[in-house]
Amino acid sequence: MGEKVLAAVRTAASKTEIREFPMPDIPEDAALLKMEVAGICGSDVKLYASPPSKAAVIMGHENVGVIASAGREFMRRKGFKEGDLLYVEEYLMCGRCEWCHAGQYRHCENTDWRNNPDGIRYGYTSAERAPHLWGGFAQYVYLPWNAVVHRVPKGVSAELAGLVTPMANGVEWSLFDGGVGYDSTVLIQGPGQQGLAQTVICKQAGASLIIVTGTAKDSARLSVAKALGADYVIDVNKEDPLARIREITGGRGVDVVLDCTAGAGTIPILLGIEALKRKAGTMVVQGELKEFPNFPLERVTTKAITLKSARGHSYRACELALAQLASGRFALEKMTTHRFGLKDVDLAIRSVGGKGVPDVIHASLMPWM
Ligand SMILES: [Zn+2]
Ligand SMILES: [Zn+2]
């Protein structure tokens, strides 16, 4: 093992530099992860274009790698050894609060970088903070005692395991939050990796109708949506989506709406409210917007709509996502469309944001490529 670790560091808005960090000492209760694949998602696009702080950050919060070295105590507590392939959640838990005991690490104060200045989360934490390796766009990632790790099942490649995060979000948002199940009718807005993952999970759960919307630039993604189980796809630039949804559902509307759009403003929320069934539908929203002028609250309450917040995933959602990947039941390799090396982090993030290489669905950042 070398003395230095190479990492792609976000130094300012839309700026990346390759920097060297010292190889960390690994205490008895910690481990070092040799990175295989860091997935890149829509939140990376946003945090790269407008960073929440001036700190230099190694981004990369959807991390899959192999244990390169591990302390005795880490191996005893976690049940892993050197050479094991792992998926690491982005949350570094406290291990004591009610959220941690429930496997809902995303809500733990220890990992809440928005409200807790000392909160640590992979892909979000300053690289100034020792031992520096807090993001997946690097050759190695540091795993302290409170890293939340999952075993990648045999037969699942590291690249496929790079889909665990969107798939776990699919389980969390559509099943646990949206209540999608047998015979559900679902509108999924946005055919990116997140919308496609929701499509697969809804199909597996028994949804009887899955409609996926996209825009004119999404034609490749919409055909993947069909291949993965969508019953109908709608290009909202070509057709009036609400009229089409009413036609497809015989005027009834859908049970559940999942907003998986990026940068689409208020339109998906307004469409979702109208596309939901007459009473008691559920909509899972992203909350990209700070404000929503003229929000039709009365329409929401008279339709008795339940609004839920799309917020990451629980431990169980990750385990179910890994099982889904291991099942081989869906052609998920249709989603892992592109690979990028460490020096191409900037291009990779721009491509996921639709401004670099065309037709990227899921980008795998492979630091050793
Ligand atoms: Zn993500
Ligand atoms: Zn906690």
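The values are calculated or read from the model by the stated rules, or taken from the named source; none is laboratory data. These numbers come from a predicted model, not from an experiment. When we count neighbours, we look across all protein chains shown, and the Cβ atoms used for this are built from the backbone with ideal geometry, even at glycine. What goes into the accessible areas is simple: the full protein's heavy atoms, side chains included, and nothing from ligands, DNA or RNA. Shrake-Rupley method; radii C 1.70, N 1.55, O 1.52, S 1.80 Å.
Look through region 25-45, keep the residues that are touching a Leu at 6+ places or on another chain (Cβ under 8 Å) and outside any strand (DSSP E or B), and return whichever of them is nearest to ligand 2 (Cβ to nearest atom).
Only one residue tops the list, namely A30.
Between Y105, Y91, Y87, which is under 20 Å from the mean Cα position of the chain (by Cα), more than 28 Å from M369 (Cα to Cα) and modelled with pLDDT of 95 or more? Don't jump to the end; show me each part of the working.
On the way: Y91 fails: more than 28 Å from M369 (Cα to Cα); Y87 fails: more than 28 Å from M369 (Cα to Cα).
After ruling out the rest, the residue left standing is Y105.
How many of the residues making up region 219-260 are of a type in the set (V, I, T), closer than 26 Å to H362 by Cβ and open to solvent by less than 30 Å² (accessible area, probe 1.4 Å)?
Filtering region 219-260 for residues of a type in the set (V, I, T) gives 224, 233-234, 236, 245, 248-249, 254, 256-257.
Restricting the remaining residues to those that are closer than 26 Å to H362 by Cβ gives 224, 233-234, 236, 254, 256-257.
Okay, now just the ones that are also open to solvent by less than 30 Å² (accessible area, probe 1.4 Å), so 224, 234, 254, 256-257.
Here the count works out to 5.
Assuming H132 fulfils every condition listed in (1) modelled with pLDDT under 95; (2) in a loop (DSSP other than H, G, I, E, B); (3) open to solvent by 20 Å² or more (accessible area, probe 1.4 Å) apart from one, which condition is it?
For H132, the failing item is (1).
Residue pairs, Cβ under 6 Å, 6 or more apart or interchain, first in region 25-37 and touching a residue at least 60 places away in the same chain (Cβ under 8 Å), second among the acidic types (D, E). List them.
Close Cβ pairs (under 6 Å, with a partner that is among the acidic types (D, E)) amount to D29/E73; V37/E159.
Open to solvent by 10 Å² or more (accessible area, probe 1.4 Å) and not basic (K, R): is that true of F74 in this structure? Full working, then the answer.
Details: open to solvent by 10 Å² or more (accessible area, probe 1.4 Å): no; not basic (K, R): yes.
In short, no.
What's the number of the only condition in (1) modelled with pLDDT under 95; (2) polar (S, T, N, Q); (3) within 14 Å of ligand 1 (Cβ to nearest atom) that S53 fails to meet?
(3)
How about region 306-318: which of its residues are more than 13 Å from I201 (Cα to Cα) and of a type outside the set (F, W, Y)? Steps first, please.
Step one: list which residues in region 306-318 are more than 13 Å from I201 (Cα to Cα), which gives 306-316.
Those that are more than 13 Å from I201 (Cα to Cα) and of a type outside the set (F, W, Y): T306, L307, K308, S309, A310, R311, G312, H313, S314, R316.
Conditions first: (1) at pLDDT 95 or above; (2) closer than 30 Å to V164 by Cβ. F292 passes all but one, so which condition is the exception?
It fails just one condition, (2).
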